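Q: Okay, handing you the structure first.
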Amino acid sequence: MNRKLSITAIILGALAILGEMCGLLIPTVSWFFTNGRVFGWTSSVLLIAGGVLGLLFLPREIRWTPVTLQRFRRFRSIGRGWWSFRILLALIALAMLDQIIVGKRALMVRCDGKTTFPAFVTKRYQAQEFGLQGEQEVSYRELKQQLSKEQRGFVLMPLVPWDPVLDSDTLQSITLEQRDGKWFKPGDAEPYSGRARTSYVDLPAQKHTDTRFRKGVPDGESQGYAKNGALAFSAFYKAGVKDREKWTGEMPQAEFEKVAVTPYEVTIYPPIPPLWKARHYLGTDSKGWDVLAQIYGGWQVNLKAIVLYLAFTYGVGMIIGSLMGFLGGVFDITFQRIIEIIEELPFLYIVMIVVSIITVAEMNLVILLAVICLFSWTSLTYSLRALAYKEKERDYISAARLQGASTWRILTRYLLPNMLATVVTQVPFSVAGIISSLTALAFLGFGLPETYPQWGWLFDDGVNHLSALWISTSMFAAMVFILLLVTFVGEALREAFDPKKFTTYQ
């Protein structure tokens, strides 16, 4: 396992550097450089260096003790925890597909015999490169419709063709359906009341009529428009019966009434409810951003935060905690005082101060996590300190000392592996804690900038727009589902690694 992990670290670091140098956007791996070139190069080089050192100095395989193997078997026997673990792994794999699942850039474009892969390169293709007007980046959703209409090629879009953030869908339309002489929204039992419009079939962007409906029939003002956009006629209805009308002469009445038009459509402004034809499977929020894309993007941000959080918090906490217990003396007393000072500092106020000092453009996930981790590593040290005090007096530590083993070797090869049970059982609850913390900070307005999809923002938007139930309901269901899975895994690990299950007192 050590060898596989080391090789994986080298491959990830090499792919990140290769993608940056060649202008490629490799799913998940390209994230290293999205937080800046300094962080990208540093993290990539550290991954490669760590992998090389692992190949050189770590044993080829981890030799698990019989007790540890028995604990793993017991974890697999706990169905709820084991299946929750497998579902979490599947969700992590899904998140690692990145722009293949969610994104506004096409996975593949075949146009006029030329094939491109916009989602996997840093280059931004202009609209004029595909025969459209403008020098701005092409809208691949519009390009897909244009190429299909002109039969010049095709566009393959992600499953959710919307970016998690900064990709607004300002309006959509729903086609009304007629039942028993009245107009209804699809799926509604009550007749439609409000304004609806028809458009020219050959000019979809141009209105033909704009009519006010009440209880499924025209009731009130109705206006008709010529193909040039000028007003052609105006009329007034009472309970579905035309009361009066006036023609302006912009378009002959006979031609106006015979022209091919679309059925009545209702224009919907954000927040847009779930709409299959627009591929808003869970609707949009008040800004027009796709809810499912934000949930997916927020899950990706949480996974990145979890990796960084666990690496720093558990790395620092395990090293300092074990050294406090193993060395004792001045080192132990000094760090106890430091930990007491850190734990007395008000966490939320510190975050508020940092967020107010750092500009929105400079704030990123690494900075926010650095502040959180500054207060988080202390909780692990006391439990590991107590274990180190107990374990260092055992015979196997004394034997290692007599054989001349260094302090580092004793800590890494003997002491820390025997603390595995304590560390492993705390990881799932730390994961749940960091997800809740990031969501709460975003909900309070002290999270990341809007360039990051955040679950807390969706919660806030759902609270502010209670009529759009799909926002809060979708976000609540997704977060509860994730936290339940993590909690089930934590409970199963705690039960499987309980020393009372494998200890006999005599």
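Q: Identify the single condition in (1) more than 15 Å from MET324 (Cβ to Cβ); (2) outside any loop (DSSP other than H, G, I, E, B); (3) open to solvent by less than 40 Å² (accessible area, probe 1.4 Å) that TYR396 does not satisfy, given that it satisfies every other one.
A: Looking at each condition in turn, TYR396 falls short on (3).
Q: Could you tell me whether VAL160 is closer than 29 Å to LEU483 by Cα, open to solvent by less than 80 Å² (accessible area, probe 1.4 Å), among the β-branched types (Val, Ile, Thr) and in contact with a helix residue (DSSP H, G or I) (Cβ under 9 Å, 6 or more places away or on another chain)?
A: So VAL160 fits the description; yes.
Q: Looking at the stretch 487-499, which of the residues that are in a helix (DSSP H, G or I) and surrounded by 21 or more Cβ atoms within 10 Å (Cβ to Cβ) is farthest from the chain's Cα centre (by Cα)? Lay out the reasoning, then the answer.
A: Within the stretch 487-499, the subset in a helix (DSSP H, G or I) is 487-496, 499.
This time we only want the ones that are surrounded by 21 or more Cβ atoms within 10 Å (Cβ to Cβ), so: 488-490, 492-493, 496.
Numbers: PHE488: 22, VAL489: 21, GLY490: 22, ALA492: 26, LEU493: 26, ALA496: 31 Å.
Result: ALA496.
Q: What's the number of the condition ALA260 fails, among (1) within 24 Å of TYR192 (Cα to Cα); (2) surrounded by 15 or more Cβ atoms within 10 Å (Cβ to Cβ); (3) aliphatic (A, V, I, L, M)?
A: Exception for ALA260: condition (2).
Q: Here are some residues: LEU166, LEU176. Which one is in contact (Cβ under 8 Å) with a residue 60 or more places away in the chain and open to solvent by 70 Å² or more (accessible area, probe 1.4 Å)?
A: Of LEU166, LEU176, the one residue that is in contact (Cβ under 8 Å) with a residue 60 or more places away in the chain and open to solvent by 70 Å² or more (accessible area, probe 1.4 Å) is LEU166.
Q: Continuing with this model, one more query. From the residues in the stretch 117-143 that are touching a strand residue (DSSP E or B) at 6+ places or on another chain (Cβ under 8 Å) and more than 23 Å from ILE26 (Cα to Cα), which one is most open to solvent (accessible area, probe 1.4 Å)?
A: So, considering only residues that are touching a strand residue (DSSP E or B) at 6+ places or on another chain (Cβ under 8 Å) and more than 23 Å from ILE26 (Cα to Cα), the one most open to solvent (accessible area, probe 1.4 Å) is GLU135.
Q: Could you tell me whether TYR389 is crowded, with 17+ Cβ neighbours inside 10 Å and either modelled with pLDDT under 85 or within 30 Å of GLY297 (Cα to Cα) (or both)?
A: Considered against the rule, which asks whether it is crowded, with 17+ Cβ neighbours inside 10 Å and either modelled with pLDDT under 85 or within 30 Å of GLY297 (Cα to Cα) (or both), TYR389 comes out as no.
Q: Here is a further query. Just checking, how many residues over the stretch 115-169 are more than 26 Å from ALA16 (Cα to Cα) and of a type in the set (Val, Ile, Thr)?
A: 2
Q: For ASN35, work out the one condition from (1) part of a helix (DSSP H, G or I); (2) open to solvent by less than 40 Å² (accessible area, probe 1.4 Å) it doesn't fulfil.
A: ASN35 satisfies all of (1) part of a helix (DSSP H, G or I); (2) open to solvent by less than 40 Å² (accessible area, probe 1.4 Å) except (1).
Q: Could I ask something else about it? If you take the residues of the stretch 405-431 that are open to solvent by 60 Å² or more (accessible area, probe 1.4 Å) and of a type outside the set (Ser, Thr, Tyr), which of them is nearest to ILE482 (Cα to Cα)?
A: PHE429
Q: How many residues does the stretch 1-46 contain that are in contact (Cβ under 8 Å) with a residue 12 or more places away in the chain and within 24 Å of ALA106 (Cα to Cα)?
A: Residues flagged as in contact (Cβ under 8 Å) with a residue 12 or more places away in the chain and within 24 Å of ALA106 (Cα to Cα) within the stretch 1-46 amount to 17.
Q: Pairs needed: first member in the stretch 328-349, in contact (Cβ under 8 Å) with a residue 60 or more places away in the chain and closer than 19 Å to LEU411 by Cβ; second member anywhere, in a helix (DSSP H, G or I) and open to solvent by 90 Å² or more (accessible area, probe 1.4 Å); C-beta distance under 7 Å; at least 6 residues apart or different chains.
A: Matching pairs, first to second residue: none at all.
Q: Please list, ordered by residue number, the strands (runs of 3 or more DSSP E) wholly in the stretch 160-275 having 1 or more residues that are within 30 Å of TYR452 (Cβ to Cβ).
A: 172-175, 265-268
Q: I need the full set of residues from the stretch 76-88 which are surrounded by fewer than 19 Cβ atoms within 10 Å (Cβ to Cβ) and either in a helix (DSSP H, G or I) or in contact with a Ser or Thr (Cβ under 8 Å, 6 or more places away or on another chain) (or both), in order please.
A: Scanning the stretch 76-88 gives ARG76, SER77, GLY79, ARG80, TRP82, TRP83, ARG86, ILE87, LEU88.
Q: Looking at (1) without any contact (Cβ under 8 Å) to a residue 24 or more places away in the chain; (2) in contact with a Ser or Thr (Cβ under 8 Å, 6 or more places away or on another chain); (3) assigned to a helix (DSSP H, G or I), which one does THR422 not meet, given that it meets all the others?
A: (1)
Q: Tell me which residues, restricted to the stretch 332-352, are open to solvent by 30 Å² or more (accessible area, probe 1.4 Å) and under 25 Å from ILE306 (Cβ atoms).
A: Here is the first cut: in the stretch 332-352, the ones open to solvent by 30 Å² or more (accessible area, probe 1.4 Å) are 333-338, 340-341, 343-350, 352.
Across the stretch 332-352, the qualifying residues are GLU343, LEU345, PRO346, PHE347, LEU348, TYR349, ILE350, MET352.
Q: Checking VAL217 against (1) β-branched (Val, Ile, Thr); (2) closer than 30 Å to GLY298 by Cβ; (3) touching a strand residue (DSSP E or B) at 6+ places or on another chain (Cβ under 9 Å): exactly one of these is not met. Which one?
A: Condition (2) is where VAL217 drops out.
Q: Among residues belonging to the stretch 187-203 that are out of contact with any Ser or Thr (no Cβ under 7 Å at 6 or more places or on another chain) and within 30 Å of GLU150 (Cβ to Cβ), point out the one that is surrounded by the most Cβ atoms within 10 Å (Cβ to Cβ).
A: Within the stretch 187-203, the match that is surrounded by the most Cβ atoms within 10 Å (Cβ to Cβ) is TYR200.
Q: Determine which member of the set ALA189, ALA232, ALA196 is small (Gly, Ala, Ser), more than 44 Å from the chain's Cα centre (by Cα) and farther than 30 Å from GLU137 by Cβ.
A: Exactly one of ALA189, ALA232, ALA196 is small (Gly, Ala, Ser), more than 44 Å from the chain's Cα centre (by Cα) and farther than 30 Å from GLU137 by Cβ, namely ALA232.
Q: Another question, if that's okay. Return only the number of the condition from (1) open to solvent by 20 Å² or more (accessible area, probe 1.4 Å); (2) modelled with pLDDT under 90 that LEU448 does not satisfy.
A: All conditions are met except number (1).
Q: While we're looking at this one, here's another question. Under 6 Å between Cβ atoms, which residue pairs at least 6 apart in sequence (or on different chains) link something in the stretch 104-120 that is at positive phi with a partner that is assigned to a loop (DSSP other than H, G, I, E, B) and open to solvent by 50 Å² or more (accessible area, probe 1.4 Å)?
A: ASP112/ARG152
Q: Right, another one. Given the options PHE459, PHE443, PHE481, PHE476, name the one that is without any contact (Cβ under 8 Å) to a residue 60 or more places away in the chain and in contact with an Asp or Glu (Cβ under 6 Å, 6 or more places away or on another chain).
A: PHE443
Q: Also, quick follow-up: Among LEU18, LEU91, LEU56, which is modelled with pLDDT under 85 and either open to solvent by 70 Å² or more (accessible area, probe 1.4 Å) or under 30 Å from GLU495 (Cα atoms) (or both)?
A: On the way: LEU18 fails: modelled with pLDDT under 85; LEU91 fails: modelled with pLDDT under 85.
Being modelled with pLDDT under 85 and either open to solvent by 70 Å² or more (accessible area, probe 1.4 Å) or under 30 Å from GLU495 (Cα atoms) (or both) holds for just one of LEU18, LEU91, LEU56, which is LEU56.
The values are calculated or read from the model by the stated rules, or taken from the named source; none is laboratory data. Since the model is a prediction, treat every value here as computed from it, not as a measurement. For neighbour counting, all protein chains shown are included, and Cβ atoms are generated from backbone atoms with ideal geometry for every residue, glycine included. Calculation scope for accessible area: heavy atoms of the full protein, side chains included, ligands and nucleic acids excluded. Shrake-Rupley method; radii C 1.70, N 1.55, O 1.52, S 1.80 Å.
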